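J.: Got a structure for you, questions after.
The values are calculated or read from the model by the stated rules, or taken from the named source; none is laboratory data. Everything numeric in this text was worked out from a predicted model, so none of it was measured. We place every Cβ from the backbone using ideal geometry, glycine too, and count neighbours over all the protein chains shown. For accessibility, only protein heavy atoms count, side chains too; no ligands or nucleic acids. Shrake-Rupley method; radii C 1.70, N 1.55, O 1.52, S 1.80 Å.
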Amino acid sequence: MSQSTQGVTYEKVDDAYFKARGLRRHAGVWSLWALGVGAVISGHFSGWNLGLAQGGWGGMFFATIIIAIMYLGLTYSLAEMSPAMPHTGGAYSFARTAFGPWGGFLTGLAENVEYVITPAVIVFFIGSYASAILGAPAESQPLFWIAFYIIFVALNYVGVELSFKFSLIITILALLCLAVFYISAIPHVDFSRWALNIGPDGAELPEGNGPFLPFGSYGILAGLPFAVWLFLAIEQLPLAAEESVDPKRDMPKGILLGMFTLLLSAFLVLTLNPSVHDVGAHKLGASGEPLLDGFRAIYGTEIATLLAVVALTGLIASFHTIIFAYGRQIYSLSRAGYFPTALSVTHGTRKTPHIALFAGALLGLAVMLIVWFAEGADKGAQLIGGTLLNMAVFGAMFSYVMQGLTYIQLKRAFPTLERPYKSPLGVVGASLTVIIALVTIYMQLQDPVYRVGVYWVAAWFAIGIVYFALIGRHKLILSPEEEFALTKGEKAYETH
């Protein structure tokens with residue numbers, strides 16, 4: 001038996017369907033905080049610093065302020081939407097209620113790009129660090145990727161209790177590593193001499209004391225895509241709604257506490273890391289390990305191996321928590337029928353979405369291995385660390401546009417929807433999120449390297465859209481997200 005509405009067809013399922021797809025509630029405020037901060041924290045260890053070469057220190061400072069405004073608008077919007085619609089689907093389910101099945105699917109597809117590709121890029125960097133620590137040849141990289149995927153997919157497979165406990169521990173360790181650096185750096189800081197050592201032509205100024213904005217106002221815009229790394233993936237938190245003990249109370253607290261933790265750390269690393277003696281903004285602008293550069297300048301190179309192990313904590317924290325995210329994201333879209341429903345079956349006793357976890361890992365690994373063996377080690381490393389990275393950022397920006405528009409539409413179409421928490425930034429905050437995300441996308445498209453990533457995301461979208469148009473939209477299931485959207489939507493549009 002089936003029913004058709006809004007251009008899609010729903011299959012009738014019995015209680016056994018959802019019994020085979022059950023989750024277990026466990027997370028409290030601090031587990032949610034760790035999930036959000038842990039997903040982002042690797043971006044404080046590396047990645048953001050490349051923007052120094054694009055905008056100088058002043059350009060990155062203003063770019064970080066602008067991107068922080070975007071993420072504040074986004075997280076406050078999510079803090080309102082998530083307890084009002086506490087479903088595992090997160091952004092997809094919010095957009096589904098606001099814009100119908102196609103809006104939900106496109107938002108979910110954009111997040112799928114972000115959450116599947118991001119851990120693949122992170123495990124590439126983990127492999128690079130591990131190779132350096134162990135002295136392994138570059139050709140052994142794929143073995144590290146496979147090993148780390150197996151370990152952390154298994155950790156997420158074992159159970160939500162262990163997964164959240166590990167997230168909390170590794171996130172605290174990563175923050176402690178950053179705190180040690182911040183405290184250690186203070187006596188070694190000379191801001192004008194080192195942070196301002198980039199000239200208008202991009203050359204290093206031997207005496208520092210250069211211009212605050214060496215590349216003018218354009219440098220601010222050029223720094224936007226890199227400032228994103230200081231906050232990217234905090235938005236995954238609503239995916240844990242059905243595993244939260246009290247999502248209506250805890251989700252707003254967890255996501256906002258996480259956002260303000262990241263804000264503090266972001267401006268500390270931006271200010272202190274380039275200011276350390278013998279480091280400087282010019283050097284960091286091309287560094288693959290900026291935090292390690294700072295540690296080496298403070299403590300010397302003789303403990304470089306120990307410092308590399310320390311730096312791994314940030315990468316591992318993000319790798320583990322984003323594996324959690326893609327597992328729940330694939331699970332929710334599959335449970336509702338947008339993806340093949342077999343992907344949403346959960347383990348009989350552990351209640352973890354193990355098939356979604358395996359599928360996401362295999363897809364991420366497959367992309368990496370194809371690139372690596374088709375292009376060779378050197379070119380493959382550049383593509384994984386560059387093009388795949390850009391794909392993840394573009395997917396995120398597209399989803400931010402959709403999430404900001406979703407918030408605005410929900411305010412307009414569902415004024416009476418019960419909202420346990422209301423964003424103090426309201427529609428203004430959501431609008432700023434949309435505008436800044438669009439500007440960031442525009443700046444990404446100015447870079448030929450970014451454009452290649454965008455083309456691959458377009459191909460990903462094309463495959464997904466064809467599948468949904470021909471197959472997926474005729475096989476939807478009345479999951480909690482879908483049922484909520486249909487019942488609330490019908491009432492809303494009856495009154496408009």
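This table checks each residue for (1) more than 26 Å from residue 370 (Cα to Cα); (2) in contact (Cβ under 8 Å) with a residue 24 or more places away in the chain; (3) not hydroxyl-bearing (Ser, Thr, Tyr); (4) not in a helix (DSSP H, G or I).
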site: 73; (1), (2), (3), (4): yes, yes, yes, no
site: 96; (1), (2), (3), (4): yes, yes, yes, no
site: 101; (1), (2), (3), (4): yes, yes, yes, no
site: 105; (1), (2), (3), (4): yes, yes, yes, no
site: 125; (1), (2), (3), (4): no, yes, yes, no
site: 140; (1), (2), (3), (4): no, no, no, no
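J.: Need the failing condition index for residue 265 against (1) of a type in the set (Ser, Thr, Tyr); (2) within 24 Å of residue 199 (Cβ to Cβ); (3) assigned to a helix (DSSP H, G or I), just the number.
T.: Among (1) of a type in the set (Ser, Thr, Tyr); (2) within 24 Å of residue 199 (Cβ to Cβ); (3) assigned to a helix (DSSP H, G or I), the lone unmet condition for residue 265 is (2).
J.: Say whether the condition of being assigned to a loop (DSSP other than H, G, I, E, B), touching a Ser or Thr at 6+ places or on another chain (Cβ under 6 Å) and either in contact (Cβ under 8 Å) with a residue 24 or more places away in the chain or not small (Gly, Ala, Ser) (or both) is met by at least one residue in segment 221-242.
T.: No.
J.: Given the residues 27, 79, 34, 95, which is the only one that is under 27 Å from residue 352 (Cα atoms), open to solvent by less than 20 Å² (accessible area, probe 1.4 Å) and in contact with a strand residue (DSSP E or B) (Cβ under 6 Å, 6 or more places away or on another chain)? Please lay out each step first, then the result.
T.: Working: 79 fails: in contact with a strand residue (DSSP E or B) (Cβ under 6 Å, 6 or more places away or on another chain); 34 fails: in contact with a strand residue (DSSP E or B) (Cβ under 6 Å, 6 or more places away or on another chain); 95 fails: in contact with a strand residue (DSSP E or B) (Cβ under 6 Å, 6 or more places away or on another chain).
It is 27.
J.: When you look at residue 407, is it over 19 Å from the mean Cα position of the chain (by Cα), among the aromatic types (Phe, Trp, Tyr), within 28 Å of residue 23 (Cβ to Cβ) and open to solvent by 10 Å² or more (accessible area, probe 1.4 Å), yes or no?
T.: For residue 407, the condition - over 19 Å from the mean Cα position of the chain (by Cα), among the aromatic types (Phe, Trp, Tyr), within 28 Å of residue 23 (Cβ to Cβ) and open to solvent by 10 Å² or more (accessible area, probe 1.4 Å) - is not met.
J.: Go through segment 234-251 and give me each residue that's over 17 Å from residue 325 (Cβ atoms) and open to solvent by less than 10 Å² (accessible area, probe 1.4 Å).
T.: Within segment 234-251, 250 is the sole residue that qualifies.
J.: Could you list all residues from segment 155-203 that are open to solvent by 50 Å² or more (accessible area, probe 1.4 Å), of a type outside the set (D, E, K, R) and within 25 Å of residue 245 (Cα to Cα)?
T.: Matches in segment 155-203: 157, 158, 162, 166, 168, 169, 172, 173.
J.: Which of the residues that make up segment 444-456 are more than 19 Å from the chain's Cα centre (by Cα) and in a helix (DSSP H, G or I)?
T.: 445, 448, 449, 451, 452, 455, listed by residue number.
J.: If you don't mind, another one. Before we move on, is residue 254 among the small types (Gly, Ala, Ser), open to solvent by less than 30 Å² (accessible area, probe 1.4 Å), under 19 Å from the mean Cα position of the chain (by Cα) and under 17 Å from residue 177 (Cα atoms)? Break it down into steps so the answer makes sense when it comes.
T.: On the way: among the small types (Gly, Ala, Ser): yes; open to solvent by less than 30 Å² (accessible area, probe 1.4 Å): yes; under 19 Å from the mean Cα position of the chain (by Cα): yes; under 17 Å from residue 177 (Cα atoms): no.
No; evaluated as a whole, the condition is false for this residue.
J.: Do we have residue 72 as open to solvent by 10 Å² or more (accessible area, probe 1.4 Å), over 25 Å from residue 383 (Cβ atoms) and in contact with a helix residue (DSSP H, G or I) (Cβ under 8 Å, 6 or more places away or on another chain) here?
T.: Yes, satisfied.
J.: Any idea which residue in segment 264-314 is modelled with the lowest pLDDT, counting only those that are in contact with a Ser or Thr (Cβ under 8 Å, 6 or more places away or on another chain) and open to solvent by 40 Å² or more (accessible area, probe 1.4 Å)?
T.: Applying the filter and picking the extreme gives 288.
J.: Just the residues that are outside any helix (DSSP H, G or I) and touching a Ser or Thr at 6+ places or on another chain (Cβ under 6 Å), please, taken from segment 160-201.
T.: Answer for segment 160-201, where residues must be outside any helix (DSSP H, G or I) and touching a Ser or Thr at 6+ places or on another chain (Cβ under 6 Å): just 189.
J.: Here is a follow-up. Here are the criteria: (1) part of a helix (DSSP H, G or I); (2) in contact with a Pro (Cβ under 7 Å, 6 or more places away or on another chain). Tell me which single one residue 149 does not satisfy.
T.: Every listed condition holds for residue 149 apart from (2).
J.: Taking residue 80 as the residue in question, decide whether it is more than 23 Å from the chain's Cα centre (by Cα) and more than 29 Å from residue 316 (Cβ to Cβ).
T.: No, not satisfied.
J.: Could you grab me the full set of residues in segment 422-455 that are modelled with pLDDT of 95 or more, farther than 16 Å from residue 400 by Cβ and open to solvent by 20 Å² or more (accessible area, probe 1.4 Å)?
T.: Listed by number, the residues that qualify are 422, 424.
J.: Based on what the data block shows, is residue 109 open to solvent by less than 10 Å² (accessible area, probe 1.4 Å), in contact with an Asp or Glu (Cβ under 8 Å, 6 or more places away or on another chain), in contact (Cβ under 8 Å) with a residue 60 or more places away in the chain and of a type in the set (A, V, I, L, M, F, W, C)?
T.: no
J.: Looking only at residues in segment 20-56 that are among the aliphatic types (A, V, I, L, M) and in a loop (DSSP other than H, G, I, E, B), which one is farthest from residue 199 (Cα to Cα)? Let's see the steps before the verdict.
T.: Initial filter on segment 20-56 (among the aliphatic types (A, V, I, L, M)): 20, 23, 27, 29, 32, 34-35, 37, 39-41, 50, 52-53.
Still in the list and also in a loop (DSSP other than H, G, I, E, B): 20, 23, 41.
Numbers: 20: 61, 23: 55, 41: 30 Å.
Among them, the one singled out is 20.
J.: Can you say whether residue 189 is under 28 Å from residue 75 (Cβ atoms) and over 21 Å from the mean Cα position of the chain (by Cα), as far as the supplied structure shows? Before the answer, list the steps.
T.: Working: under 28 Å from residue 75 (Cβ atoms): no; over 21 Å from the mean Cα position of the chain (by Cα): yes.
No; evaluated as a whole, the condition is false for this residue.
J.: Follow-up question, since we're still on this one. Select from segment 460-476 the residues that are touching a Ser or Thr at 6+ places or on another chain (Cβ under 7 Å) and open to solvent by less than 30 Å² (accessible area, probe 1.4 Å) and list them in ascending order.
T.: 476
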